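The values are calculated or read from the model by the stated rules, or taken from the named source; none is laboratory data. All values derive from a computational prediction rather than experimental measurement. Note that each Cβ is placed from the backbone with ideal geometry, even for glycine, and that neighbours are counted across all protein chains shown.
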Amino acid sequence: MPERKPTVVIVGRPNVGKSTLYNRIVHRRDAIVNHTAGVTRDRQEAKAHWRDKSFIIADTGGYETVPADDLTAQIQLQLNQAIKKADIIIFLGDAKEGLTLLDSQMASLLRKADKPIILAINKVDAPQHYNRVYDFYPLGLGDPIPISAEHNIGVSELLDRVERLLAPNAPEDESEPTMRIAVIGRPNVGKSSLINRLLGEERVIVHQVPGTTRDAVDTILEIKGSKYVLTDTAGIRKKGRVSDKVDRVSMLMALKRIKRSDIGLLLLGAEEGVTEQDARIASYVQEAGRAIIIGVNKCDLIEDNDYNRALFNRRIREKMPYLDYASIFFLSTKTGQGLNRLFPLLKQVFKEYSKELPTPKLNDFLQEAVQRHTPPLYRQKPIKFYYITQIMTRPPSFLCFVNYPQGIQAPYQRYLQNQLREAHGFRGTPIRLLFRARKGDKT
């Protein structure tokens, strides 16, 4: 069993710049940054490196003493869980606003956790802000580190302090997570509930208000020796229903995470049926060239029998004819029904997505396929296939050399793709075919 990497958690009251600091440390924009307090809802984690040390960095929602509603209460639960699991805590203050009562209350809470605490004061963007840093000494958490996460001032000093508190790295595990799964779908189809069910904890906030998840949240999960990176994404709405800037950024980040994944796990709602938006989201996965599995969630809310399953399968195929290669399974995140099929399916689809065929076998296939069904003439001239080779995996992509590449029309391309699937599988993954003339051929 590989040694667990230490976890460094960023905490603080709302809108002090936790997500900005998180993004600065991980060198990418994973967490949504907005001047509206409470934008970060889920606990966001990523691998980080500083000098010769590796660790997990976690962003959290803002601390509030009295939650205003049930959703805020869940955010606070997430924060408490993060503090409990932390090895090091970065407590972030705001130099522009200075020390507040909420900062003092949170400092008292953190001292009870009995964890190493680094006090960093953010938004020190100008010389006049430095004086506010001294306001934080009464917290009794040591010398505060002045930083500006937005302008990358003082962040190196902060990470040096983190590095001094970290133990020496264990040797890197060779079986690092290689399978990235983006859990996608419309709002409120059960994406966060699925992640929580698999993890056995409230890792992602679940609430009946559609659109609770805003950040795309990565979680590393190990099942029977295999590692998976599960990404819970914001629900992808119709463009006309994207109400504000944060929702727009959330949707763009969800689409970005699809491109960074290996497999898109598309969740549908059994009680709502297959919608146009489901089909649109599925097309995003196909266009990105990612493998796909379709999960029909909430099947506990319908009469679950063979007839209804066959009916649902047919409706999916009718709405998404371009995904006839996708596996479909039925589940209930509430009862756990069907979840035993998920990880075997993921492993099978990832294997197909990564499949590589030798060139001799491919050319035998091509010769038989062309003999079985010759392509139509191009400008009254026959199309000749010379050879085929696989040029990449993930997704499986093939290059065919022909005398008239422009003469291969879409129906014949689909024919070759279908023949490839019939001969070599590729269940759950798109196939890309490219056509090129040989050097010297006149096209």
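Some notes on this structure:
- Residues in the range 396-409 that are aliphatic (A, V, I, L, M) and more than 14 Å from Leu434 (Cβ to Cβ): 0 in all.
- Scanning the range 390-405 for residues that are loosely packed, with under 15 Cβ neighbours inside 10 Å and either at pLDDT 95 or above or hydroxyl-bearing (Ser, Thr, Tyr) (or both) gives a single hit, Thr393.
- Checked against (1) charged (D, E, K, R); (2) at pLDDT below 90; (3) out of contact with any Lys or Arg (no Cβ under 8 Å at 6 or more places or on another chain), Arg161 meets all criteria but (2).
- Checked against the criterion of being farther than 25 Å from Leu221 by Cβ, of a type outside the set (Lys, Arg) and in contact (Cβ under 8 Å) with a residue 24 or more places away in the chain, the candidates Phe343, Phe426, Phe350, Phe385 yield just one match: Phe426.
- Of all residues in the range 318-335, at least one satisfies being buried (at least 16 other Cβ atoms within 10 Å of the Cβ), under 30 Å from Gln406 (Cα atoms), over 20 Å from the mean Cα position of the chain (by Cα) and in contact (Cβ under 8 Å) with a residue 60 or more places away in the chain.
- Residues in the range 14-36 that are in a loop (DSSP other than H, G, I, E, B), over 16 Å from Lys256 (Cα atoms), in contact with a strand residue (DSSP E or B) (Cβ under 8 Å, 6 or more places away or on another chain) and at pLDDT below 90: Asn15 only.
- Filter result for Tyr415 (of a type in the set (Phe, Trp, Tyr), modelled with pLDDT of 95 or more and within 38 Å of the chain's Cα centre (by Cα)): yes
- Residue in the range 428-437 that is more than 34 Å from the chain's Cα centre (by Cα), of a type in the set (D, E, K, R), over 27 Å from Glu287 (Cβ atoms) and loosely packed, with under 15 Cβ neighbours inside 10 Å present: no
- In the range 241-248, the count of residues that are modelled with pLDDT under 85, touching a helix residue (DSSP H, G or I) at 6+ places or on another chain (Cβ under 8 Å) and surrounded by fewer than 21 Cβ atoms within 10 Å (Cβ to Cβ) is one or more.
- Any hit, the range 363-383, residues being closer than 30 Å to Leu230 by Cβ, in a loop (DSSP other than H, G, I, E, B) and either modelled with pLDDT under 95 or hydroxyl-bearing (Ser, Thr, Tyr) (or both): no
- Residue list for the range 414-426, filter: within 23 Å of Gly264 (Cβ to Cβ) and surrounded by fewer than 17 Cβ atoms within 10 Å (Cβ to Cβ): Arg414, Asn418, Arg421, His424, Gly425
- Tally, over the range 112-132, of residues that are on the phi < 0 side of the Ramachandran plot and modelled with pLDDT of 90 or more: 9
- Scoring Gln413 on the criteria (1) of a type outside the set (D, E, K, R); (2) outside the structural domain of Arg197 (by TED's automatic domain parsing); (3) in contact with a Leu (Cβ under 7 Å, 6 or more places away or on another chain); (4) over 19 Å from Tyr322 (Cα atoms) leaves a single failure, condition (4).
- For Ala326, the criteria (1) farther than 18 Å from Arg186 by Cα; (2) at pLDDT below 95; (3) of a type in the set (Gly, Ala, Ser) hold in every case but one, which is (2).
- Sole exception among (1) modelled with pLDDT of 90 or more; (2) in a loop (DSSP other than H, G, I, E, B) for Ile57, by number: (2)
- Residue under evaluation Phe312, criteria (1) in a loop (DSSP other than H, G, I, E, B); (2) without any contact (Cβ under 8 Å) to a residue 60 or more places away in the chain, criterion not met: (1)
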